[in-house]
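Read the structure below first, then the notes.
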């Protein structure tokens, strides 16, 4: 059997937006901070009554609208989130009911943050391979508006709500050629929830990413025997515009192949990579795409995708 790969990605962004330019005076920042530092001009905000499972189902419905397939062939659903509807049951069980899936379907949640799409794909595709499954749904939905303190400049202007749903099957369009995973010891406290609110040490996260991401990317390229010039697209976690720009400079990446797309919706955590990847999968214009997520843990996950049929 061919390797399991990505066939299509559905996305969901709430219609409501919060304009960061209207928050400048309250947080005593200027336009440069919004435009070139965080890079988030408007952030997507879910409706108060919307739950993580709602965002998830909306993403699946968008996936079905642009890439119809039989939900009866879905054998596994994995939801990547750290902000579920409630502690029990797992979000994937709720999604299973909402989609009216069959009773044999494997359902579990994966608690991970900004590297969650890479971790989720590795977990789901491995399960599919060992169990010889047909179709899988990898869903990312982590509405940080549930935990962000509106008075905290470092987080409330940065994070947005969104979700994605990825169809995984054999052969798909893009499969994972190589991976790299890791975590920085004794550093989890720099991005954590305490008393129901998110606390972030922005300087420590920046330093972590600036040191660890280039090493991970170099390791993945080395495993695949590729140079930067041989990669068509680099999709980095949309931590902030300044961080993405810094990684571009430090690694000498071609800027036109490293998009920053979060200006209109914000840092959507585990959804930030697949929101960008969705367009690339639709257009099938790239032979190789490198993905790198980094953040909560402080951890990272990097993988190189290769288009099926590419020599």
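The values are calculated or read from the model by the stated rules, or taken from the named source; none is laboratory data. Note that this is a predicted model, so its numbers are computed, not measured. Heads up, the Cβs are rebuilt from the backbone with ideal geometry, glycines too, and the neighbour counts pull from every protein chain shown.
Might you let me know whether region 24-38 holds any residue that is closer than 21 Å to residue 138 by Cα and either in the same structural domain as residue 244 (by TED's automatic domain parsing) or not in a helix (DSSP H, G or I) (or both)? Spell out the reasoning first.
From region 24-38, those closer than 21 Å to residue 138 by Cα are none; that's our starting set.
No, there is no match, as no residue in region 24-38 is closer than 21 Å to residue 138 by Cα and either in the same structural domain as residue 244 (by TED's automatic domain parsing) or not in a helix (DSSP H, G or I) (or both).
If you check residue 243 against the conditions, is it within 18 Å of the chain's Cα centre (by Cα), without any contact (Cβ under 8 Å) to a residue 40 or more places away in the chain and assigned to a helix (DSSP H, G or I)? Can you show your working first?
On the way: within 18 Å of the chain's Cα centre (by Cα): yes; without any contact (Cβ under 8 Å) to a residue 40 or more places away in the chain: yes; assigned to a helix (DSSP H, G or I): yes.
Taking the combined requirement at face value, the residue satisfies it.
Residues that are under 18 Å from residue 3 (Cα atoms) and touching a residue at least 60 places away in the same chain (Cβ under 8 Å): list the strands (runs of 3 or more DSSP E) wholly contained in region 46-141 that include at least 3 such residues.
Numbers: elements: 74-80, 106-110, 135-141.
In region 46-141, 74-80, 135-141 are the strands (runs of 3 or more DSSP E) which contain 3 or more residues that are under 18 Å from residue 3 (Cα atoms) and touching a residue at least 60 places away in the same chain (Cβ under 8 Å).
Here is a check on your reading of the model: is residue 94 more than 24 Å from residue 192 (Cα to Cα) and at pLDDT 95 or above?
Details: more than 24 Å from residue 192 (Cα to Cα): yes; at pLDDT 95 or above: yes.
It is true that residue 94 is more than 24 Å from residue 192 (Cα to Cα) and at pLDDT 95 or above.
Filter region 246-257 for residues that are in a helix (DSSP H, G or I) and in contact with a strand residue (DSSP E or B) (Cβ under 9 Å, 6 or more places away or on another chain); which is farthest from residue 56 (Cα to Cα)? Write out each step before concluding.
Taking region 246-257 first, the residues in a helix (DSSP H, G or I) are 246-251, 255-257.
Then keep just the ones that are in contact with a strand residue (DSSP E or B) (Cβ under 9 Å, 6 or more places away or on another chain); that gives 247-248, 251, 257.
Working: 247: 31, 248: 32, 251: 35, 257: 29 Å.
By that ranking, first place goes to 251.
Check region 211-225 and report whether any residue there is under 23 Å from residue 159 (Cα atoms) and either in contact with a strand residue (DSSP E or B) (Cβ under 6 Å, 6 or more places away or on another chain) or in a strand (DSSP E or B) (or both).
Yes, the conditions are met somewhere in region 211-225.
Any residue in region 171-192 that is touching a strand residue (DSSP E or B) at 6+ places or on another chain (Cβ under 8 Å), farther than 21 Å from residue 279 by Cα, assigned to a loop (DSSP other than H, G, I, E, B) and not assigned by TED's automatic domain parsing to the domain that holds residue 76? Even if it seems obvious, please write down each step before you answer.
Taking region 171-192 first, the residues touching a strand residue (DSSP E or B) at 6+ places or on another chain (Cβ under 8 Å) are 171-184, 190-192.
Cutting the leftovers down to farther than 21 Å from residue 279 by Cα gives us 178-184, 190-192.
Now drop any that are not assigned to a loop (DSSP other than H, G, I, E, B), which leaves 184.
Remaining after also requiring not assigned by TED's automatic domain parsing to the domain that holds residue 76: 184.
Scanning region 171-192, I find at least one residue that is touching a strand residue (DSSP E or B) at 6+ places or on another chain (Cβ under 8 Å), farther than 21 Å from residue 279 by Cα, assigned to a loop (DSSP other than H, G, I, E, B) and not assigned by TED's automatic domain parsing to the domain that holds residue 76, so the answer is yes.
Mind listing whichever residues of region 5-28 are out of contact with any helix residue (DSSP H, G or I) (no Cβ under 7 Å at 6 or more places or on another chain) and either over 30 Å from residue 57 (Cα atoms) or surrounded by fewer than 22 Cβ atoms within 10 Å (Cβ to Cβ) (or both)?
Once the filter is applied, which keeps residues that are out of contact with any helix residue (DSSP H, G or I) (no Cβ under 7 Å at 6 or more places or on another chain) and either over 30 Å from residue 57 (Cα atoms) or surrounded by fewer than 22 Cβ atoms within 10 Å (Cβ to Cβ) (or both), region 5-28 yields 7, 14, 15, 16, 17, 18, 19, 22, 23, 25, 26, 28.
Out of 260, 294, 208, 234, I need the residue that is in a loop (DSSP other than H, G, I, E, B) and either under 18 Å from residue 175 (Cβ atoms) or touching a helix residue (DSSP H, G or I) at 6+ places or on another chain (Cβ under 6 Å) (or both). Which one?
260
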